[in-house]
Amino acid sequence: MREGLYGPIAEDIWHKASQIKLLICDVDGVFSDGRIYLGNQGEELKAFHTRDGYGVKALQGAGIAVAVITGRNSTIVQNRMTALGVKHIYQGIDDKFVPYKELLSLYNVSPAEVAYIGDDMVDLPVMKAVGLGVCVADGHPFVASNADMLTYLPGGRGALRELADLLLMSQDKFDSAHGMSV
């Protein structure tokens, strides 16, 4: 076991994380806490944690690509991901395996070089196909039991940043990604 920033990390997880070149993320339950707020006029609201956004930018700055595959369509998601510089945003996707295969080709990576973070049943097919399948701490229990790793933090509350920090640390990119010199 290694001591991670958020808690102990198993050696096999550390090794898998060190190989990752592409992180694919679900949105609802990962970037957000999974709740959807609807106003009286039908407007939809979601809350995103700024630390997760910072983690996405740090990964990109370190040469680790980030993509999103989500089952819902939302202008809010499009705007947030565009603001973060995410180039591949797949929305309204029922079968997440289709864009996953496309992303493998677009980024010229093997499944072992891909991490996926999700929280619910629809995420399992991709989660089980990648090199590092991650479930957020408050994800569905069956998904958690089938993931390689369970985050210490819940979705929408820093789980994505936790994974980003692990990827950066395992690849000796943490300090440089955060503009630190030691």
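The values are calculated or read from the model by the stated rules, or taken from the named source; none is laboratory data. Note that the structure is a prediction, hence the values are computed from the model and not measured. Quick reminder, even Gly has a Cβ in these numbers, built from the backbone with ideal geometry, and neighbours come from all protein chains shown. When the accessible area is computed, the model is the full protein with side chains, heavy atoms only, and any ligands, DNA or RNA have been set aside. Shrake-Rupley method; radii C 1.70, N 1.55, O 1.52, S 1.80 Å.
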Averaged per residue, what accessible area in Å² does the chain show with a 1.4 Å probe, protein chains only? 47 Å²
Based on alpha-carbon centroids, what's the gap between the stretch 105-182 and the stretch 1-72 in Å, whole number please? 7 Å
Helix by helix through the chain, keep the DSSP H runs that span 30 Å or more along the axis on Cα and average at least 0.0 on Kyte-Doolittle, and give those back in order. none
What's the long-distance tail for the stretch 1-65, i.e. % of Cα pairs beyond 16 Å? 65 percent
Highest-MSF residue in the chain out of 91, 78, 41 [GNM, Cα springs under 10 Å]: 41
Ranked highest first by the average count of other Cβ atoms within 10 Å around their residues, in what order do 117-125, 105-113 fall? 117-125, 105-113
With the Cα gyration tensor of the stretch 124-182 in hand, give its eigenvalues times 5 under a square root as the equivalent ellipsoid semi-axes, listed largest first in whole angstrom. 25, 13, 7
Computed curve, the stretch 98-158, Cα-only Debye sum without solvent term, log₁₀ I(q)/I(0) at 0.21 Å⁻¹, is -0.75
With label points built 7 Å along Cα→Cβ from the Cα atoms of residue 172 and residue 44, find their separation and express it in nm. 4.4 nm
Treating each Cα of the stretch 71-125 as an identical point scatterer and ignoring solvent, apply the Debye formula and state log10 I(q)/I(0) at q = 0.20 Å⁻¹. -0.87
Which pairs, out of 46/96; 16/46; 96/173, put more than 27 Å between their alpha-carbon atoms? 16/46; 96/173
On full extension of the chain, what length is gained from residue 36 through residue 72, given 0.36 nm per residue of separation minus the C-alpha to C-alpha distance? 11.9 nm
Total charge of the residues flanking residue 122 in space, meaning their Cβ is under 15 Å from its Cβ, with Lys and Arg +1 and Asp and Glu -1, is -4
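What part of the accessible area of the stretch 1-124, given as a whole %, is carbon or sulfur when the probe is 1.4 angstrom?
Details: 3190 of 6120 Å².
Ligands and nucleic acids excluded, carbon and sulfur reach 52 percent.
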Size of the stretch 38-99 along its principal axes in angstrom, Cα-based, largest extent first? 42, 29, 13
Hey, what D do you get for the stretch 10-155 in µm²/s if you plug the Kirkwood alpha-carbon radius into Stokes-Einstein at 4 °C and 1.567 mPa s? 84 µm²/s
Sorted by mean Cβ packing within 10 Å, highest first, what order do the peptides 130-137, 32-39, 95-102 take? 130-137, 95-102, 32-39
Candidates 144, 83, 129: whichever shows maximal mean-square fluctuation once the chain is modelled as a Gaussian network with Cα springs under 10 Å: 83
